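Here's the structure, in structure tokens; my notes come after.
Coordinate-derived values only; no laboratory data. Only a predicted model underlies this, so the values are computations on that prediction, with no experimental measurement involved. Neighbour counts run over all protein chains shown; Cβ positions are idealised from the backbone, glycine included.
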Ligand code: ATP
Ligand code: MG
Ligand code: FE
């Protein structure tokens with residue numbers, strides 16, 4: 001079946017067409033430029049941008065994929081988690097298409113979508129796998145028995161998400177918003193061993209209760225204190241070394257806990273997704289540690305890491321294939337949709 005996917009949970013208006021596990025086209029429009037000067041996403045500004053970009057982005061996806069709207073068999077849309085206003089614009093467009101075309105609607109989970117997009121790149125998940133979803137709002141470890149029907153959350157961040165921590169440290173270092181990609185670039189020029197920053201929730205006492213949980217807010221505070229102390233002593237802040245040492249602490253914990261979870265659950269395939277999986281320090285360390293542990297690592301090209309319509313069409317396609325019932329046309333959106341809810 002041909003699935004049209006719509007994503008509007010944050011600042012990207014994403015529309016994609018997927019047939020089975022084949023991506024026909026993925027169109028994305030972003031309002032990030034409008035938010036950058038505020039140092040964060042302004043929901044009202046994002047909602048208005050989605051409203052304006054929606055129809056042109058749908059038209060562009062159809063045109064580039066060379067398909068007619070009448071050929072679409074099902075519509076998948078992000079039902080949560082995300083910003084309520086932006087989600088509502090996407091859901092409204094999807095409902096209108098569903099009524100107009102008389103085709104089923106599937107409201108799906110954005111975070112599971114970050115993992116599902118991998119099926120378009122490396123093929124369907126054929127066995128039980130582990131998914132690490134790291135993004136602006138989430139850092140979660142998921143055990144995936146079936147991407148459409150059976151996802152278990154093993155752990156998540158107790159405070160900041162990995163991307164959020166990067167953005168906050170970026171602000172602290174005076175970098176433009178979002179800071180994540182800037183820290184990534186700076187870190188490549190610095191020494192990751194220059195400063196030993198704390199590794200959250202890795203102490204022995206945390207092993208029992210928080211073996212697969214993350215915490216990055218203590219690390220962020222440690223970076224802030226270190227930078228302050230450096231400034232107070234009148235020295236120039238070695239920004240590249242701070243960035244490299246901070247990034248090293250984040251990706252060390254993420255990869256160590258994820259590989260421990262793979263071992264404990266006897267899983268040989270690891271999928272990493274979400275905006276933060278664009279991070280080069282994470283990609284390098286995960287590749288090295290997975291190779292060492294004999295784990296098959298699936299990590300998509302950067303354009304499928306951040307928000308896009310392909311991830312929603314991919315998950316929609318898996319849900320249709322699993323034979324799950326479509327969503328009711330009166331569904332709402334859920335800003336804090338649980339990660340175990342794949343479809344509503
Ligand atoms: P969620 O998926 O939890 O709803 P989101 O959709 O806002 O959150 P994404 O778009 O998936 O998040 O990811 C955006 C985040 O990824 C931002 O925090 C951004 O700084 C971070 N990010 C993107 N590229 C990089 C990079 N190269 N290094 C570090 N962080 C990055
Ligand atoms: Mg985004
Ligand atoms: Fe996202």
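Remind me, what semi-axes does the stretch 170-224 give for its equivalent ellipsoid, largest first in whole Å, using sqrt of 5 times each Cα gyration tensor eigenvalue? It would help to have the intermediate numbers written out before the result.
On the way: eigenvalues 133, 34, 21 Å².
Square roots of five times the eigenvalues give 26, 13, 10 Å.
P(r) for the stretch 130-175: what percent of alpha-carbon pairs falls in each 5 Å bin, starting at zero?
With 5 Å bins starting at 0, P(r) equals 6, 23, 20, 18, 13, 9, 6, 4, 2.
Could you line up 299, 147, 99 from fewest to most neighbouring Cβ atoms inside 10 Å?
Values: 299 22, 147 26, 99 11.
Fewest-to-most ranking of 299, 147, 99: 99, 299, 147.
Note down the nm distance, to one decimal, between modelled labels 7 Å out along Cα→Cβ at residue 37 and at residue 191.
4.1
Compute the acute angle (0 to 90°) between the alpha-carbon long axis of helix 239-264 and the principal axis of greatest extent of the alpha-carbon atoms of the chain; round to the nearest 10°.
So the inclination is approximately 60 degrees.
Return one number: the angle in degrees, 0 to 90 and rounded to the nearest 10, between the long axis of the Cα atoms of helix 309-321 and the longest principal axis of the Cα atoms of the chain.
Long axis of 309-321 versus the principal axis of the chain: about 60 degrees.
What FRET efficiency do you get for residue 335 and residue 60 if R0 is 30 Å and r is their Cβ-Cβ distance, rounded to the nearest 0.05?
On the way: r = 28 Å, r/R0 = 0.93.
That gives a FRET efficiency of 0.60.
Please build a GNM for the chain, connecting alpha carbons under 10 Å apart, and tell me which residue among 157, 221, 126 fluctuates the most.
Highest fluctuation of the listed residues: 126.
Enter the Cα centre distance for the pair the stretch 248-327 and the stretch 87-139, rounded to the nearest angstrom.
Result: 15 Å between the Cα centres.
Could you work out the Kirkwood radius for the stretch 114-235, taking every pair of different alpha carbons, averaging 1/r and inverting it, reported in Å?
Working: mean 1/r = 0.0604 Å⁻¹.
Computed over Cα pairs of the stretch 114-235, the Kirkwood hydrodynamic radius comes out at 16.6 Å.
Compute the Kirkwood hydrodynamic radius of the chain, taking the inverse of the mean of 1/r over all pairs of distinct Cα atoms, and give it in Å to one decimal. Intermediate results must be reported in sequence, preceding the final value.
On the way: mean 1/r = 0.0490 Å⁻¹.
About 20.4 Å, per the Kirkwood formula over Cα pairs.
At a 10 Å Cβ-Cβ cut-off, how would you order 95, 220, fewest neighbours first?
95, 220
Using only the Cα atoms of the stretch 238-344, what do you get for the radius of gyration and for Dmax, in Å?
That works out to 17.3, 56 Å for Rg and Dmax.
Distance in nm between label sites at residue 264 and residue 21, each 7 Å beyond Cα in the beta-carbon direction?
If labels sit at residue 264 and residue 21, their model points lie 2.9 nm apart.
Going 7 Å from the Cα of residue 102 in the Cα-to-Cβ direction, what parts of the stretch 328-343 have a backbone nitrogen less than 20 Å from that spot?
328-330
What ranking do 8, 269, 22 get, fewest neighbouring Cβ atoms within 10 angstrom at the top?
22, 269, 8
Among 332, 200, 294, which one shows the biggest mean-square fluctuation in a GNM of the chain, springs joining Cα atoms closer than 10 Å?
Highest fluctuation among the options: 294.
Can you give me the angle between helix 84-101 and the longest principal axis of the chain, using Cα atoms only, in degrees from 0 to 90, rounded to the nearest 10?
It works out to around 20 degrees.
Which FRET efficiency, nearest 0.05, do residue 128 and residue 159 yield, Cβ-Cβ r, R0 25 Å?
On the way: r = 29 Å, r/R0 = 1.17.
The formula returns an efficiency of 0.30 here.
Give me the base-10 log of I(q)/I(0) for the stretch 1-137 at each q in 0.10, 0.12 Å⁻¹, Debye formula, one uniform scatterer per Cα, rounded to two decimals.
Each listed q corresponds, in turn, to -0.33, -0.47.
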